[in-house]
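**Student:** Quick one: the structure is below, questions incoming.
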Amino acid sequence: MKWIDSHAHYNDEKFNEDREEILRLLKEEGIKKVITAGYSLQSSKEAIKISDQYPFIYNTIGISPNDIPEQKEELKEELEQLKKLASLSEKTVAIGEIGLDYHWNTENKEIQQMAFKEQIKLANDLKLPIVIHTREAVMDTIQILKENLPNEKGVFHCCPLNRELVKEALKLGFYISFAGPVTFKNSKNANEIIEMVPDDKILVETDSPYLSPEPNRGKRNDSRNIRHIVEKIAQVKQKGIEEVTEMIYQNLIRLFKIENEK
Ligand code: NI
């Protein structure tokens, strides 16, 4: 089966001890495509490095709302460097993760919004889709997307299970990526949200090393756990696992313009 993971962080230091071993295991277990996502300049460089070494790994580069500098001048400098990184790898498939996070940071909304808009502009210049991180910032995220339309669309990564957000995201032509939380016993509206998303807009991700799904909640996550998320979607959509896996694989290669597996 064509398992994929649309969002993981093999550039995270939690994999420093055994990265090679884990990536070998993923390959062995039939994980066909993994997108390792940047969230800062440094982690974007690491993501590029890893995707250079492993044919089945692709990268995204970007500065997340939780990693932006405090001063606008520094941000401008970092955005310049990000632009340079964009020309390094043919396996850079998106700009991300970018967006807004008012859970961890509420005092720097202005600079968060500036970073988000500037990176949408960069994605448009490069004709790449975007990977969005949004937390407790539904209205502002949608507002910015409407005013700064990403031409190649993109995906809401680890999409918050918020009806309004998903409705607006779909209207804008975005994909919705589901992660571990849809398997949590206390996530009451997971079924309803999964049902809202059409088959051709669904993606799945682990967000490794974070957010392990049930039954592995609390442990370090890796892409082998993707099957628990796919199972949840298959159950809600009343389809077979193989059908759902194939459908999600096709969505991934369509959005990120990745070559089909021969
Ligand atoms: Ni992430």
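**Student:** Please list, in order along region 13-22, the HN-Hα scalar couplings obtained from phi with the Karplus expression 6.51 cos²θ - 1.76 cosθ + 1.60 (θ = phi - 60°), rounded to whole Hz, x for Gly and Pro.
**Tutor:** Along region 13-22, the couplings run 5, 5, 9, 4, 6, 9, 3, 4, 4, 5 Hz.
**Student:** Find, among the trypsin sites (Lys or Arg not before Pro) in region 123-199, those assigned to loop by DSSP (not H, G, I, E, B) with at most 12 other beta-carbon atoms within 10 angstrom.
**Tutor:** Values: sites: LYS127, ARG135, LYS146, LYS153, ARG163, LYS167, LYS171, LYS185, LYS188; in loops: LYS127, LYS153, LYS185, LYS188.
Sites meeting the loop and neighbour criteria: LYS127, LYS185, LYS188.
**Student:** With θ taken as phi - 60° and the coefficients 6.51, -1.76 and 1.60, list the Karplus ³J(HN,Hα) couplings across region 210-221 in order, rounded to whole Hz; mark glycine and proline as x.
**Tutor:** 9, 6, 4, x, 4, x, 10, 3, x, 8, 4, 8
**Student:** Still on this structure, please answer the following. Hey, rough spin-label estimate for GLU195 and ARG217, points 7 angstrom out along Cα→Cβ, what's it come to in nanometres?
**Tutor:** My value for the distance between the label points is 2.2 nm.
**Student:** Express in nm, to one decimal, how much length is gained between GLN235 and ARG24 on full extension, taking 0.36 nm for each residue of separation and deducting their alpha carbon distance.
**Tutor:** Numbers: separation 211, 0.36 × 211 = 75.96 nm, distance 2.95 nm.
Contour length minus Cα-Cα distance gives 73.0 nm.
**Student:** Can you give me the Kirkwood hydrodynamic radius for region 22-134, using every pair of distinct Cα atoms, in Å to one decimal? Intermediate results must be reported in sequence, preceding the final value.
**Tutor:** Numbers: mean 1/r = 0.0697 Å⁻¹.
So the Kirkwood estimate lands at 14.3 Å.
**Student:** Using the Cα centre as the reference, give the magnitude of the dipole from point charges on the C-beta atoms of the chain (Lys, Arg: +1; Asp, Glu: -1; all else neutral), rounded to the nearest 20 debye. Don't jump to the answer; show the numbers that get you there.
**Tutor:** Numbers: 38 positive and 45 negative charges, 146 e Å.
I would put it at about 700 debye.
**Student:** Also, quick follow-up: Taking θ = phi - 60°, what integer Hz values does the Karplus form 6.51 cos²θ - 1.76 cosθ + 1.60 yield along region 36-49, in sequence order, with x for Gly and Pro?
**Tutor:** 9, 9, x, 9, 7, 4, 4, 5, 5, 4, 4, 4, 4, 4
**Student:** As a test question: what accessible area, to the nearest 10 Å², does ASP101 have when a 1.4 Å probe is rolled over all protein chains in place?
**Tutor:** Ignoring ligands and nucleic acids, ASP101 comes out at about 0 Å².
**Student:** A follow-up question, please. Quick one: accessible surface of SER64, probe radius 1.4 Å, all protein chains present, in square angstrom to the nearest 10.
**Tutor:** Rounded to the nearest 10, that gives 10 Å².
**Student:** As a test of the formula, what do you get for the chain when each DSSP H run with n ≥ 4 contributes -39,500 (n - 2.57) and the sum is divided by the residue count, at 222 nm and rounded to the nearest 500 deg cm²/dmol?
**Tutor:** Working: 9 runs with 109 residues, N = 262.
Theoretical 222 nm ellipticity from helices: -13000 deg cm²/dmol.
**Student:** Can you give the accessible area of TYR58, probe radius 1.4 Å, in Å² rounded to 10?
**Tutor:** Looks like 30 Å² after rounding.
**Student:** Take the Cα radius of gyration of the chain and divide it by 2.2 N^0.38 Å, with N its residue count; two decimals is plenty.
**Tutor:** Values: Rg = 17.0 Å, N = 262, 2.2 N^0.38 = 18.3 Å.
Scaled against compact globular proteins, the figure is 0.93.
**Student:** Additional query: May I ask for the equivalent-ellipsoid semi-axes of region 158-258, computed as the square root of five times each C-alpha gyration tensor eigenvalue and listed largest first in whole Å?
**Tutor:** Details: eigenvalues 76, 52, 36 Å².
Computed over region 158-258, the values are 19, 16, 13 Å.
**Student:** Based on Cβ point charges of +1 for Lys and Arg and -1 for Asp and Glu, what charge dipole magnitude is obtained for region 153-262 about its Cα centre, in debye rounded to the nearest 20? Don't skip to the answer; put the middle values down first.
**Tutor:** Working: 18 positive and 16 negative charges, 53 e Å.
That gives region 153-262 a dipole magnitude of about 260 debye.
**Student:** Another question, then. Between region 81-119 and region 144-179, what's the alpha-carbon centroid distance in Å?
**Tutor:** Spelled out, the Cα-based centre of one part sits 16 Å from the other.
**Student:** A further question on this structure: Are there any GluC sites (Glu not before Pro) in region 19-90 that are in a DSSP loop and have at most 11 other Cβ atoms within 10 Å? List them by number.
**Tutor:** On the way: sites: GLU20, GLU21, GLU28, GLU29, GLU46, GLU70, GLU73, GLU74, GLU77, GLU78, GLU80, GLU90; in loops: GLU29, GLU70, GLU90.
Passing sites in region 19-90 are GLU70, GLU90.
**Student:** Next up: Could you tell me how far the Cα centroid of region 211-249 sits from the Cα centroid of region 1-30, in Å?
**Tutor:** Taking the Cα centre of each part, region 1-30 and region 211-249 sit 16 Å apart.
The values are calculated or read from the model by the stated rules, or taken from the named source; none is laboratory data. Everything numeric here is computed off the predicted structure, so don't read it as measured data. For neighbour counting, all protein chains shown are included, and Cβ atoms are generated from backbone atoms with ideal geometry for every residue, glycine included. The protein model used for the area step is the full one, side chains on, heavy atoms only, and it has no ligands, DNA or RNA in it. Shrake-Rupley method; radii C 1.70, N 1.55, O 1.52, S 1.80 Å.
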